[in-house]
1. Within the group 17, 40, 64, 36, which residue is within 15 Å of the chain's Cα centre (by Cα) and among the charged types (D, E, K, R)?
2. Here's a check for you: in segment 128-186, which residue that is among the small types (Gly, Ala, Ser) and over 17 Å from residue 18 (Cβ atoms) is modelled with the highest pLDDT?
3. Failed condition for residue 29, given (1) among the small types (Gly, Ala, Ser); (2) touching a helix residue (DSSP H, G or I) at 6+ places or on another chain (Cβ under 8 Å); (3) farther than 26 Å from residue 158 by Cβ, with all others met?
4. Please go through segment 97-114 and pick out each residue that is under 16 Å from residue 12 (Cα atoms), part of a strand (DSSP E or B) and not aromatic (Phe, Trp, Tyr).
5. Listed residues 38, 18, 23, 10; which is of a type in the set (Val, Ile, Thr), over 17 Å from residue 108 (Cβ atoms) and loosely packed, with under 13 Cβ neighbours inside 10 Å?
6. Name the pairs: first residue in segment 6-20 and over 16 Å from residue 161 (Cα atoms), second residue modelled with pLDDT of 95 or more and assigned to a loop (DSSP other than H, G, I, E, B), Cβ to Cβ under 6 Å, at least 6 apart or on different chains?
7. Identify the single condition in (1) under 15 Å from the mean Cα position of the chain (by Cα); (2) within 14 Å of residue 78 (Cβ to Cβ) that residue 165 does not satisfy, given that it satisfies every other one.
8. Could we say that residue 62 is over 22 Å from residue 154 (Cβ atoms) and surrounded by 13 or more Cβ atoms within 10 Å (Cβ to Cβ) here?
Amino acid sequence: MANLRESPYIWVTWLAKIMAGDITCQWQSWFRSQNKEIEKQPDDFDLVGWKMDHTKMLTELKEKLIKENYSPIIEQSVKYKIPNLDITVAAKPDCIIEKKDVVIIYDCKTGKERSSDQVQVMIYMYLLSKGKFSGKQSKGVVIYKDKKIEIPNLPENFEDNFNFFVNVLSSPKPPTKNPGADCKFCSITKNDCSERVD
């Protein structure tokens, strides 16, 4: 069974997946934001293989940027406290560079393209604009093995959507569960979610 957190702690990928609609069971992200998981559902994901592929992509990007005379910041943790609320949104962007008055955030993806990949980078852009890089223009780039997607700026209604979904994940009232296809990729066990579909 999971242990209740002292206050909501929202990891950027949990938030990005519900903002983008890549998962339909918002309860799983809410539960993880509210609780520390003690046990996790076993899966067949090749974590070691993914780490090697991701590290290779990130190393290649870093070396390319260094050759272009940038000083990339690699996998630096970012924690954003929501003003006047006891809520933390946490992230670890793959790579950040400063280019005059612009901050560019890169995220390397080894798998297939998902909407949440772009939303994740938008969240990085938003969080960094509220902290160390406030006052600078933020841009994002999602890098896949065969292509890249540039995000020149945040959508006009991004902050409203961000706040809406942060409220969903930080609310004491859980969203409705939607067991089904999302269960296959969910780490929450039946001990914490009896409706889980295996």
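The values are calculated or read from the model by the stated rules, or taken from the named source; none is laboratory data. As the structure is a computational prediction, the values presented were derived from the model and not from experiment. We place every Cβ from the backbone using ideal geometry, glycine too, and count neighbours over all the protein chains shown.
1. 17
2. 140
3. In the conditions (1) among the small types (Gly, Ala, Ser); (2) touching a helix residue (DSSP H, G or I) at 6+ places or on another chain (Cβ under 8 Å); (3) farther than 26 Å from residue 158 by Cβ, residue 29 misses (3) alone.
4. 105, 107, 108
5. 38
6. 8/87
7. (2)
8. Yes; evaluated as a whole, the condition is true for this residue.
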